[in-house]
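Q: The structure's right below; bear with me while I get my questions together.
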Amino acid sequence: MGKNYVGCERNITLIMDFYELTMAYNYFKLGKQDEIVYFDMFYRKNPDQGGFVIFAGLQQLIEAIENMHFTDGDIEYLRSLNVFDEDFFAYLKDFHFTGTIFSVREGTPVFPYEPLITVKAKLIEAQLIETFLLVTINHQSLIATKARRIVQEAKGRAVMEFGARRAQGYDGAHYGARAAYIGGVAGSATVSAGKDFGIPVLGTMAHSFVQSFDSEYEAFKAYAQIYPDNCVLLVDTYDTLKSGVPHAIRVAEEVLAPMGKRLKGIRLDSGDIAYLTKKARMMLDVAGLHDCKITVSNSLDEYLIRSVLEQGAQIDSFGVGENMIVSKSSPVFGGVYKLAAIEKDGEIIPKIKISENTEKITNPGFKKVYRLIEKETHKAIADIIAFHDEVLDENQDLTIYHQLDAWKHKTLYAGTYEIQPLQTLVFENGKNVYPYYSLDEIRAYSNQQKQLLWDEIFRLEYPHLYYVDLTQKLLDYKLKMLAKGKKGH
């Protein structure tokens, strides 16, 4: 599929669970392949017990669906399994997606249980895109969310993504850097992400560079002579305060100053960050290097960043690697893809999944989701899920209901709120109609949408619970289906 995946050029159509194919074959043999169905992609829990998720990965999903096809090699492999017949292979040979997809715009803060993506398509088409839809959105949404949490705790200081070597594979490094940029990082050390996405690439030296010279001073001097305009020195190879910082100051005075240049920064990658940065700052200031920045790295996450800043650490920017690129503290994003309705003779028939686990009960039907904005504060009140053909009127009172408990409800009064649709049309009858947004545009949009939400939603501990409610019509229908399901129908 072209260059969508870094490191090689390959078709990703077979990145699917095998049961997608066994179900598709069953539908094909029964003549059900052209039946129209509706699927919702949503998730149930925020990562890290947080209060939000940043929706990401849509552009790669669009590219994957546009390029979806079964190659001769794919079909030959499937033939070797001795599970399917030649009629099915003929069907797959001409396969392409012809359905309609609605999606939340990339970069939007989103919440549990609301439809992020709605697929209306022929049954086999809707089924076969499930796995790569989930892996794409789950991965990038997870990393964008983790990045947002880390960036917010840096309190305006730049955060750089340094995680490629700890990422779970090439794609994890490449697209993880993209997602982290949406989440707010200033740049990435991953060069392919700079090339393909325009992300600023950042990096200076490793400890091996310093060790390769006869002395630390000689290493610093060599680097300064080659990069006098962007000289950032790694000062913790031997002894940060007794060796590294003094040698950096000496290079600033003996090498850079005669060229009319300034030492841009130092970096620490080990030790007691709070203590060392405070001492280093004092030493730099005494030397007149007030403008020399201090960058730190070394297994940082949002909690450690918050802690060292509370301790008065003198830090201007952070480099964050493994804890961001794999979302180490919460490495799985549980997005799911569930059947919501089928269409028969032009009628949309809602479907529901019932479970003893309340959180696994789905919302039935072809739906739309909206964000309700309070006019007085211009802050979001809640999101509301409605049937696709329901008309919501800002000039009328609107009561919104908890997803299962009708007694939990809130009434918004006419003229006090605005309604913003969250989903937009992405594919129409197989054609991509979604505007192309640059990564900087997606990032700016995400920041703008964050301003619509109360700060309490973004707390690390015990964040404010943002409501995703139902209209009365949808709730009543859901409860009716649940009652019917309990009777064994």
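The values are calculated or read from the model by the stated rules, or taken from the named source; none is laboratory data. Quick caveat: nothing in here was measured; it's all calculated off a predicted structure. All Cβ positions, glycine included, derive from the backbone under ideal geometry; neighbour counts span all protein chains shown. Side chains are part of the model used for accessible areas, which takes the heavy atoms of the whole protein and leaves out ligands, DNA and RNA. Shrake-Rupley method; radii C 1.70, N 1.55, O 1.52, S 1.80 Å.
Q: Which whole-number percentage describes the relative contact order of segment 342-452, with Cα contacts under 8 Å and a sequence gap of 6 or more? Working shown, then result.
A: On the way: 136 pairs, mean separation 22.5, N = 111.
Once normalised by length, the contact order is 20 percent.
Q: Across segment 383-394, in residue order, what do the Karplus-derived ³J(HN,Hα) couplings come to in whole Hz, using 6.51 cos²θ - 1.76 cosθ + 1.60 with θ = phi - 60° and x for Gly and Pro?
A: With the stated coefficients, segment 383-394 comes to 9, 10, 9, 9, 4, 4, 9, 6, 9, 9, 10, 4 Hz.
Q: Let me ask another. What percent does the relative contact order of segment 235-295 come to when contacts are Cα pairs within less than 8 Å and at least six residues apart? Walk me through the numbers on the way to the answer.
A: Numbers: 52 pairs, mean separation 24.3, N = 61.
40 percent.
Q: Something else: Before anything else, pin down the relative contact order of segment 1-129: Cα pairs under 8 Å, at least 6 apart, normalised by residue count, whole percent. Please list the in-between numbers first.
A: Working: 174 pairs, mean separation 52.2, N = 129.
Over segment 1-129, the number comes to 40 percent.
Q: Let me know the Rg and Dmax you get for segment 361-489 when you use only its Cα atoms, in Å.
A: Spelled out, the Cα radius of gyration and Dmax of segment 361-489 are 17.1, 53 Å.
Q: If I model a spin label at Glu253 and Arg79 as a point 7 Å from the Cα along the Cα→Cβ vector, what separation in nanometres do I get?
A: A separation of 7.8 nm, rounded to one decimal place.
Q: Any idea which of Gln60, Thr98, Val308 is furthest toward the positive side of the dipole for the chain, if Lys and Arg beta-carbons carry +1 and Asp and Glu beta-carbons -1?
A: Selected residue: Val308.
Q: Under 14 Å between alpha carbons, and skipping anything fewer than 8 positions from Lys408 in its own chain: which aspartates and glutamates qualify?
A: Leaving aside aspartates and glutamates fewer than 8 places away in the same chain, those within reach of Lys408 are Asp469, Asp476.
Q: Suppose only helical runs count, i.e. DSSP H with n ≥ 4. What mean residue ellipticity at 222 nm does that imply for the chain under -39500 (n - 2.57) per run, divided by all residues and rounded to the nearest 500 deg cm²/dmol?
A: Details: 16 runs with 165 residues, N = 489.
Estimated from H runs of four or more residues: -10000 deg cm²/dmol.
Q: Relative to the Cα centre, what is the charge dipole magnitude of the chain, using +1 at the beta carbon of each Lys and Arg, -1 at the beta carbon of each Asp and Glu, and rounding to the nearest 20 debye? Don't jump to the answer; show the numbers that get you there.
A: On the way: 55 positive and 64 negative charges, 177 e Å.
The calculation lands at about 860 debye.
Q: In segment 387-436, what chymotrypsin sites (Phe, Trp or Tyr not before Pro) fall in a loop by DSSP, with at most 14 other Cβ atoms inside 10 Å?
A: Working: sites: Phe387, Tyr401, Trp407, Tyr413, Tyr417, Phe427, Tyr436; in loops: Trp407, Tyr413, Tyr436.
Those that pass, being in a loop and sparsely packed, are Trp407, Tyr413, Tyr436.
Q: Oh, and also: Can you grab the distance from the C-alpha centre of segment 222-258 to the C-alpha centre of segment 79-108, Å, no decimals?
A: 57
Q: Right, something else. Tell me, what is the 1.4 Å probe accessible area of Met282, in Å² to the nearest 10?
A: We get 110 Å² for Met282.
Q: Now for a separate question. With the Cα gyration tensor of segment 116-265 in hand, give its eigenvalues times 5 under a square root as the equivalent ellipsoid semi-axes, listed largest first in whole angstrom. Walk me through the numbers before you get to the answer.
A: Numbers: eigenvalues 368, 43, 35 Å².
Over the Cα atoms of segment 116-265, the semi-axes work out to 43, 15, 13 Å.
Q: Considering amide H positions built from the backbone, and no H for Pro or chain starts, which residues 5 or more places from Asp239, or on another chain, come under 5 Å of its amide H?
A: Excluding prolines and chain starts, which carry no amide H, the hits are Gly244.
Q: Follow-up question, since we're still on this one. What is the pair-distance distribution P(r) of segment 266-368, computed from all Cα-Cα distances in 10 Å bins starting at 0, with each bin given as a whole percent?
A: Whole-percent P(r) values from 0 Å outward: 12, 27, 15, 11, 13, 12, 7, 2, 0.
Q: Using alpha carbons only, how many angstrom separate the centre of segment 290-335 from the centre of segment 450-466?
A: 20
Q: If you find the alpha carbon centre of segment 385-431 and of segment 150-205, how far apart are they in angstrom?
A: 36
Q: Can you give the charge dipole size of segment 121-280 about its Cα centre, rounded to the nearest 20 debye, using +1 on the beta carbon of Lys and Arg and -1 on the beta carbon of Asp and Glu?
A: Values: 19 positive and 16 negative charges, 102 e Å.
Approximately 500 debye in magnitude.
Q: For segment 18-168, with the dipole built from +1 on Lys and Arg beta-carbon atoms and -1 on Asp and Glu ones, taken about the Cα centre, which of Gly51, Gly31, Ile124 lies farthest toward the positive end?
A: Value: Gly51.
Q: Please compute the per residue accessible area over the chain with all protein chains in place, 1.4 Å probe, rounded to a whole number of Å². Intermediate values should be presented prior to the final figure.
A: Numbers: 22150 Å² over 489 residues.
Averaged over the residues of the chain, the accessible area is 45 Å².
Q: Can you tell me the dipole magnitude for segment 52-211 around its Cα centre, using point charges on the Cβ only (Lys, Arg +1; Asp, Glu -1), in Debye to the nearest 20? Write down the numbers at each step before the final one.
A: Working: 14 positive and 17 negative charges, 243 e Å.
Dipole size: approximately 1160 debye.
Q: Ok, one more. P(r) of the chain in 10 Å steps, Cα pairs, percent per bin?
A: 4, 17, 24, 22, 15, 10, 6, 2, 0
Q: Continuing with the same structure: Only sites in a loop by DSSP and with at most 12 other Cβ atoms within 10 Å count here; which trypsin sites (Lys or Arg not before Pro) in segment 15-117 make the cut? Write out the running numbers ahead of the final one.
A: Working: sites: Lys29, Lys32, Arg44, Lys45, Arg79, Lys93, Arg105; in loops: Lys32, Arg44, Lys45, Arg105.
Those satisfying the criteria are Arg44.
Q: Between Lys431 and Lys279, what is the FRET efficiency for a Förster distance of 45 Å, r being their Cβ-Cβ separation, to the nearest 0.05?
A: Working: r = 61 Å, r/R0 = 1.36.
Efficiency, from the Cβ-Cβ distance: 0.15.
Q: From the cross-link list Lys93/Lys368; Lys146/Lys473; Lys120/Lys360; Lys155/Lys328; Lys155/Lys264, which pairs have alpha carbons spaced over 25 Å apart?
A: On the way: Lys93/Lys368 34 Å; Lys146/Lys473 36 Å; Lys120/Lys360 22 Å; Lys155/Lys328 21 Å; Lys155/Lys264 21 Å.
Checking Cα-Cα distances, Lys93/Lys368; Lys146/Lys473 exceed 25 Å.
Q: Right, next: Answer with one residue from Asn363, Ile349, Ile373: the one whose Cα lies farthest towards the positive end of the charge dipole of segment 338-379, charges on Cβ with Lys, Arg +1 and Asp, Glu -1.
A: The listed residue farthest towards the positive side: Ile373.
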